[in-house]
1. Which of the residues belonging to segment 31-48 are of a type outside the set (A, V, I, L, M, F, W, C), within 14 Å of residue 5 (Cα to Cα) and either assigned to a helix (DSSP H, G or I) or open to solvent by less than 100 Å² (accessible area, probe 1.4 Å) (or both)?
2. Out of everything in segment 84-98 that is among the hydrophobic types (A, V, I, L, M, F, W, C) and open to solvent by less than 70 Å² (accessible area, probe 1.4 Å), what residue ends up being nearest to residue 132 (Cα to Cα)?
3. State which residue pairs qualify: first residue at positive phi and inside segment 119-145, second residue surrounded by fewer than 16 Cβ atoms within 10 Å (Cβ to Cβ) and at pLDDT 60 or above in any location, beta carbons under 8 Å apart, and separation of 6 or more residues or different chains.
4. Looking at (1) within 21 Å of residue 124 (Cα to Cα); (2) at pLDDT 85 or above; (3) among the aliphatic types (A, V, I, L, M), which is the one condition that is false for residue 79?
5. Going through 130, 121 one at a time, which residue ends up being at pLDDT 85 or above, closer than 27 Å to residue 52 by Cβ, of a type in the set (Val, Ile, Thr) and open to solvent by 80 Å² or more (accessible area, probe 1.4 Å)?
6. Hey, among the residues in segment 60-76 that are in contact with a helix residue (DSSP H, G or I) (Cβ under 7 Å, 6 or more places away or on another chain) and surrounded by 17 or more Cβ atoms within 10 Å (Cβ to Cβ), which one's nearest to residue 126 (Cα to Cα)?
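The values are calculated or read from the model by the stated rules, or taken from the named source; none is laboratory data. Remember, it's a predicted structure, so these values are computed and weren't measured experimentally. In this analysis, Cβ positions are derived from the backbone assuming ideal geometry, glycine residues included, and neighbour counts consider all displayed protein chains. Surface areas here come from the heavy atoms of the whole protein model, side chains and all, with no ligands, DNA or RNA. Shrake-Rupley method; radii C 1.70, N 1.55, O 1.52, S 1.80 Å.
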Amino acid sequence: PHTIAESLIKPSMIEVVSCILGEDAGKKVAAVQCSSNTISDRIHKISDHIEDEFVFKLIKCNQFSLQMDESTDVSGLAVLLVFVRYKYQTSLEKDFLLCQPLFTYTTGYEIFNMLNNFFEIEGLTWDNCIDICIDGAKAIVGKLLAWFRELKKFSPIAH
């Protein structure tokens, strides 16, 4: 899908720019890199920048809550979905925090390890997590909520 820029958009832009601004401008547009690798790299850089800004918001806020669910993709692979709610400046935000495949087991221990690794890599702290909302699945309820109760010294309600 990234090759559409090279095969459709770029030739059209060259034609338009050449007609409006002249052949020299058309040659400058022709020099623009639009290979699938270039487009893919730009998409990844934009994605990384958006993730960095999002994590910065989470680090800056004092409190956030997580909502987790497990799903399966079309190939039957278990996937952990995590949403986060937090107050940023004057509004309450809800964003998609994580979508990771669970390659091993779908136990609370594995889920916690995945989340904890994500938190460590991104520089997030569990101290700011005030609640975890789950669907009550036994896999999630296990060690994850036991650990969270110990950390927060209260029993969050599974929804």
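1. Within segment 31-48, 35, 36, 37, 38, 40, 41, 42 meet the criteria.
2. Residue satisfying both the conditions and the ranking: 84.
3. Between residues of segment 119-145 that are at positive phi and residues that are surrounded by fewer than 16 Cβ atoms within 10 Å (Cβ to Cβ) and at pLDDT 60 or above, the close pairs are 123/59.
4. Residue 79 satisfies every listed condition except (1).
5. Answer to the check: 121.
6. If we take residues in segment 60-76 being in contact with a helix residue (DSSP H, G or I) (Cβ under 7 Å, 6 or more places away or on another chain) and surrounded by 17 or more Cβ atoms within 10 Å (Cβ to Cβ), then 64 is nearest to residue 126 (Cα to Cα).
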